[in-house]
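What follows is a short report on a single structure.
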Amino acid sequence: MSLDNSEVKRIAHLARLVIDEQDISIYAHNLSNILDLVEQMSSVPTDDVAPMAHPLDTLQRLREDKVTETNQRDHFQLVAPQVENGLYLVPRVIE
Amino acid sequence: MQWETVIGLEIHTQLATRSKIFSGAATAYGAEPNTQACAVDLGLPGVLPVLNREVVTMAARLGLAIGAKIAPISIFARKNYFYPDLPKGYQISQLDLPIVGKGELEIELEDGTTKIIGVTRAHLEEDAGKSLHEDFHGLTGIDLNRAGTPLLEIVSEPDMRSAKEAVAYMRKMHSLVRYIEISDGNMQEGSFRCDANVSVRPMGQKELGTRTELKNINSFRFVERAINFEVGRQIDVLESGGRITQETRLYDADKDETRPMRSKEEAMDYRYFPDPDLLPVEVSESLLNEVRASLPELPDARRNRFIEQYSLSREDASLLTSSREMADYFESVTQVSGDAKLVTNWVMGSLSGALNREGKEISASPVSADMLGGMLKRISDNTISGKIAKEVFEAMWQGEGDADAIIDKKGLKQITDTGAIEAVLDEIIANNPKQVEDLKGGKDKLMGFFVGQVMKQTGGKANPGQVNQLLKKKLGL
């Protein structure tokens, strides 16, 4: 098994996911299977294959530098739990 | 023990586009909160980023200006972390295959020598929003207008050996991004800010010491002070037998100290991976040629040309080419008046003085290049003396018209009529018999006294050289 329980906990924390203690070994097992598959794929010789950043073999389309969006603040803020003076309010975060 | 300081800088420069890097929302500074944050900037589900052509061009401009290779294909990646001013939960940035590769920048040191500072890379990324920690009933306010603003992060090699070198590099880069018109470089508005990686090592040691990162410094003065404080702190720790912790520190300008910023119990793990929403970006040879052709003459090349073409000292030429506006101004004045040395003295003297006094940029000078050139022409053709010119300059600055009009209106024309000067001189000679005797007796210093008297009586309008000659003739010296 390539992942142990403490690594699963750390990944869950990085992703801000709450997981049950009792499920950790199952996650560790399943995620390890995926990693093992990747490991297996690594054994395929790819020395003369250029790395691919995207499955689509095409290039990024560029847009002109033009302002096309209008102010829709009121519309967007309808879904926000709390706003004030045009600001979104969130739980206090100070480092 | 002798310690050596090692510094590398990461400069974030905001690109001067109209719209954001991945959306069509405006980037104008100072708008009402969240009025320039569209669905893409808010990270709403189902949106797709589309890259702004202009940011690619601007990155290429910088790359060419520092002699770097521009990647024919570059890739965007997601840098994952959670913070409320980053609504998507990741920042789109570049990790592998950044758009600009290795380049270099030459800086000038205080002793007049130069040094090459390596640039490791420069990559494109989006800025985050702003958190406002004022009191919103114990909550934090979020303004996402800045989210998605294009940034070019320019990463240097750890090539700097003192805070002064770091400042020189930062200033040079600041002048360059403005020169090539990719950023307004406004530091108060955060358009140009830097993180400094600082470490020390015993002199002569090859491996680098453990470094700390000083975050978000937005002035030249603070970068110097922050680094100097941090170097002193690290040496103190090491000399008292301690070890440096690799960490991010924040510079507090009020207390003039740095202190740890993030608790590092959980090391940051950004889990970079290629952004599946964005395809590889191509910079074609034809686009590069276009960019190359549109670049202005660069500061170093212009400085060298100024030394050559106008016979200026390196120091003068460096100062005059430190901003494009200043260099353009200088060349316009010189075209009108001809005498480059005289132009240099006036641009760096009276003009710069007046601009500093009123906190004005040269582009907002009330005395245009044409006006200054017109006045200097009147010094060269002996219509006015250098002293009177100061008065004319002040009047032009106050908006009283161009030099010729002011000279005319105020009657400042130099007296070239020998008879008129002789009359004044005769009177002074008659009134100062003692000085006349002493001068004749060999006290040459008294020449100055007589010339001064004539200048005083003519309100500075006599030509000192001419007065000298006439005086000598009269007294038979």
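The values are calculated or read from the model by the stated rules, or taken from the named source; none is laboratory data. A quick note: this is a predicted structure, and the numbers were derived from the prediction, not measured. Methodologically, a virtual Cβ is constructed for each residue, glycine included, from the backbone with ideal geometry; neighbour enumeration extends over all protein chains shown.
For the stretch B:146-198, how many residues are in a loop (DSSP other than H, G, I, E, B) and under 29 Å from B:Gln36 (Cβ atoms)?
Summing the residues that are in a loop (DSSP other than H, G, I, E, B) and under 29 Å from B:Gln36 (Cβ atoms) in the stretch B:146-198 gives 16.
Kindly provide the set of residues from the stretch B:450-465 that are more than 17 Å from B:Lys410 (Cα to Cα) and at pLDDT 80 or above, ordered by number.
Those that are more than 17 Å from B:Lys410 (Cα to Cα) and at pLDDT 80 or above: B:Phe450, B:Val451, B:Gly452, B:Gln453, B:Val454.
Of the residues B:Glu104, B:Glu125, B:Glu108, only one is more than 14 Å from chain A (Cβ to nearest Cβ), at pLDDT below 95 and either closer than 21 Å to B:Ala71 by Cβ or under 18 Å from the mean Cα position of the chain (by Cα) (or both); which?
B:Glu108
Tell me which residues, restricted to the stretch B:459-477, are among the polar types (S, T, N, Q) and crowded, with 17+ Cβ neighbours inside 10 Å.
B:Asn463, B:Gln466
Which residue is farthest from B:Asn228 (Cα to Cα), if the candidates are limited to the stretch B:146-173 and must be among the charged types (D, E, K, R) and out of contact with any Gly (no Cβ under 7 Å at 6 or more places or on another chain)?
Only one residue tops the list, namely B:Glu153.
Go through B:Gly241, B:Gly185 for me and flag whichever is touching a His at 6+ places or on another chain (Cβ under 9 Å), at pLDDT 90 or above, farther than 19 Å from B:Pro158 by Cβ and not β-branched (Val, Ile, Thr).
The unique qualifying residue is B:Gly185.
Identify, please: which residue in the stretch B:62-76 is under 23 Å from B:Gly185 (Cβ atoms) and in a loop (DSSP other than H, G, I, E, B) and is, among those, nearest to the other protein chains (Cβ to nearest Cβ)?
Taking the candidates together, the pick is B:Ala68.
Would you mind stating whether B:Tyr310 is out of contact with any strand residue (DSSP E or B) (no Cβ under 7 Å at 6 or more places or on another chain) and farther than 30 Å from B:Ser219 by Cβ?
yes
State the number of residues belonging to the stretch B:77-94 that are at pLDDT below 95, in contact with a strand residue (DSSP E or B) (Cβ under 6 Å, 6 or more places away or on another chain) and not in a strand (DSSP E or B).
2
Give the residue that is farthest from B:Ile180 (Cα to Cα), with candidates limited to residues of the stretch B:302-333 that are part of a loop (DSSP other than H, G, I, E, B) and without any contact (Cβ under 8 Å) to a residue 24 or more places away in the chain.
Among them, the one singled out is B:Ser313.
Does at least one position in the stretch B:259-271 carry a residue that is within 30 Å of B:Pro72 (Cα to Cα) and touching a strand residue (DSSP E or B) at 6+ places or on another chain (Cβ under 6 Å)?
yes
Sort through B:Arg292, B:Arg262 and tell me the only one that's out of contact with any Pro (no Cβ under 8 Å at 6 or more places or on another chain), charged (D, E, K, R), at pLDDT 95 or above and surrounded by fewer than 17 Cβ atoms within 10 Å (Cβ to Cβ).
B:Arg292
Condition check ((1) surrounded by fewer than 14 Cβ atoms within 10 Å (Cβ to Cβ); (2) outside the structural domain of B:Ile116 (by TED's automatic domain parsing); (3) on the phi > 0 side of the Ramachandran plot; (4) among the hydroxyl-bearing types (Ser, Thr, Tyr)) across all residues:
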{"site": "B:Arg305", "(1), (2), (3), (4)": "no, yes, no, no"}
{"site": "B:Ser311", "(1), (2), (3), (4)": "yes, yes, yes, yes"}
{"site": "B:Arg314", "(1), (2), (3), (4)": "no, yes, no, no"}
{"site": "B:Arg324", "(1), (2), (3), (4)": "no, yes, no, no"}
{"site": "B:Ser337", "(1), (2), (3), (4)": "no, yes, no, yes"}
{"site": "B:Val343", "(1), (2), (3), (4)": "no, yes, no, no"}
{"site": "B:Ala354", "(1), (2), (3), (4)": "no, yes, no, no"}
{"site": "B:Gly374", "(1), (2), (3), (4)": "no, yes, no, no"}
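I'd like to know if the stretch A:20-28 contains one or more residues that are of a type outside the set (A, V, I, L, M, F, W, C), part of a loop (DSSP other than H, G, I, E, B), more than 14 Å from chain B (Cβ to nearest Cβ) and more than 30 Å from B:Ala37 (Cα to Cα).
Scanning the stretch A:20-28, I find at least one residue that is of a type outside the set (A, V, I, L, M, F, W, C), part of a loop (DSSP other than H, G, I, E, B), more than 14 Å from chain B (Cβ to nearest Cβ) and more than 30 Å from B:Ala37 (Cα to Cα), so the answer is yes.
Could you tell me how many of the residues in the stretch A:38-95 are more than 7 Å from chain B (Cβ to nearest Cβ) and of a type in the set (Gly, Ala, Ser)?
4
If I ask for residues that are touching a strand residue (DSSP E or B) at 6+ places or on another chain (Cβ under 8 Å) and hydrophobic (A, V, I, L, M, F, W, C), which ones from the stretch A:61-80 would you list?
Within the stretch A:61-80, A:Leu62, A:Val67, A:Ala80 meet the criteria.
Consider the stretch B:204-239. How many of its residues are under 18 Å from B:Arg259 (Cβ atoms) and without any contact (Cβ under 8 Å) to a residue 24 or more places away in the chain?
Of the residues in the stretch B:204-239, 3 are under 18 Å from B:Arg259 (Cβ atoms) and without any contact (Cβ under 8 Å) to a residue 24 or more places away in the chain.
Condition (residue is more than 14 Å from chain A (Cβ to nearest Cβ) and within 21 Å of B:Pro280 (Cα to Cα)) applied to the stretch B:77-91: is it met by at least one residue?
yes
Kindly indicate whether B:Tyr329 is more than 20 Å from B:Arg211 (Cβ to Cβ) and aromatic (Phe, Trp, Tyr).
Yes.
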